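What follows is a single structure, written as structure tokens, with notes after it.
The values are calculated or read from the model by the stated rules, or taken from the named source; none is laboratory data. Treat the numbers as computed from the prediction; the structure is a model and nothing was measured. Neighbour counts run over all protein chains shown; Cβ positions are idealised from the backbone, glycine included. For accessibility, only protein heavy atoms count, side chains too; no ligands or nucleic acids. Shrake-Rupley method; radii C 1.70, N 1.55, O 1.52, S 1.80 Å.
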Amino acid sequence: MPSSIRPGDVLAHRYRLVDLLTESGGGRFWRAQDRVLERHVALHVIPEHDERAAALLGAAKRSATIHDRRLLRVLDADRADGYCYVVNEWGSGDSLDIMLASGPLGPRRAAWLVSEVAGCVAAATSR
């Protein structure tokens, strides 16, 4: 991925990059500001010519049809400025890796989380 993309840059004339949250496998995950709707969004970015770009856009298109309160909605997906990107709602709360960093979960909490994940998978695969 070109190193020129950095906080403050604007992707697709709309999404101002705020914070780089993670970088893995040639992709980057950003908190961005949607300048049209004036709200934070989650922005996944890979180089436009990455061999995974078509699959990423296809997955975003399929995911956009899933409506479940437990999943962050896909708001936009396209190619622009040399990148392929997917925009999701901005979520709040603790990620599973942060929850597990403090030690094992209790049985009830673990069972509830597994149930929630299973419900999401069921909702996604029933389409």
Note to self: On C-alpha positions alone, give me the angle between the axis of helix 53-63 and the longest principal axis of the chain, in degrees, nearest 10.
What the structure shows: 50 degrees
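Under a 1.4 angstrom probe, counting protein chains only, how are H44, H49 ranked by accessible area, largest first? Before the final figure, lay out each step's value.
Values: H44 70, H49 165 Å².
I get H49, H44, largest accessible area first.
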Check: Using a Gaussian network for the chain with springs between C-alpha atoms less than 10 Å apart, which of these wobbles most: W112, W90, W30?
Finding: W112
Note to self: Using Cα springs under 10 Å in a Gaussian network model of the chain, which residue among L57, L43, L96 shows the largest mean-square fluctuation?
What the structure shows: L96
Note to self: With a cut-off of 8 Å between alpha carbons and a minimum separation of six or more residues, what is the relative contact order of the chain in percent?
What the structure shows: 18 percent
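Name the shape class, rounded, prolate or oblate, that the alpha-carbon gyration tensor gives for the range 1-92, where a ≥ b ≥ c are the square roots of its eigenvalues, rounded holds for a/c under 1.5, and otherwise prolate holds if a/b is larger than b/c and oblate otherwise.
On the way: a/c = 1.63, a/b = 1.13, b/c = 1.44.
It is oblate, given that a/c is not under 1.5 and a/b is not larger than b/c.
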Check: Can you run phi through the Karplus equation (6.51, -1.76, 1.60; θ = phi - 60°) for the range 69-81 and list ³J(HN,Hα) in whole Hz, with x for Gly and Pro?
Finding: 4, 8, 10, 6, 5, 7, 9, 6, 7, 5, 10, 6, 6
Next item on the list: Using only Cα atoms, find the angle between the long axis of helix 107-125 and the longest principal axis of the chain, and express it within 0 to 90 degrees, rounded to the nearest 10.
Entry: 50 degrees
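Multiply the residue separation of L105 and H13 by 0.36 nm, subtract the distance between their alpha-carbon atoms, and state the gained length in nm to one decimal.
On the way: separation 92, 0.36 × 92 = 33.12 nm, distance 4.30 nm.
Length gained between L105 and H13: 28.8 nm.
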Next item on the list: Calculate, for the chain, the solvent-accessible area per residue in square angstrom, rolling a 1.4 angstrom probe over the heavy atoms of the protein chains.
Entry: 64 Å²
Item checked: FRET efficiency, 1/(1 + (r/R0)^6) with R0 41 Å, evaluated for W112 and R79 via beta carbons -> 0.60
Next item on the list: Using a 1.4 Å probe over the heavy atoms of the protein chains, calculate the carbon and sulfur portion of the accessible area of the chain as a whole percent.
Entry: 54 percent
Notebook entry, point to check: Taking the chain as a Gaussian network, Cα atoms linked when under 10 Å apart, which of R70, R28, R14 shows the biggest mean-square fluctuation?
Noted result: R70
Margin query: Suppose only helical runs count, i.e. DSSP H with n ≥ 4. What mean residue ellipticity at 222 nm does that imply for the chain under -39500 (n - 2.57) per run, divided by all residues and rounded to the nearest 500 deg cm²/dmol?
Written below: -9000 deg cm²/dmol
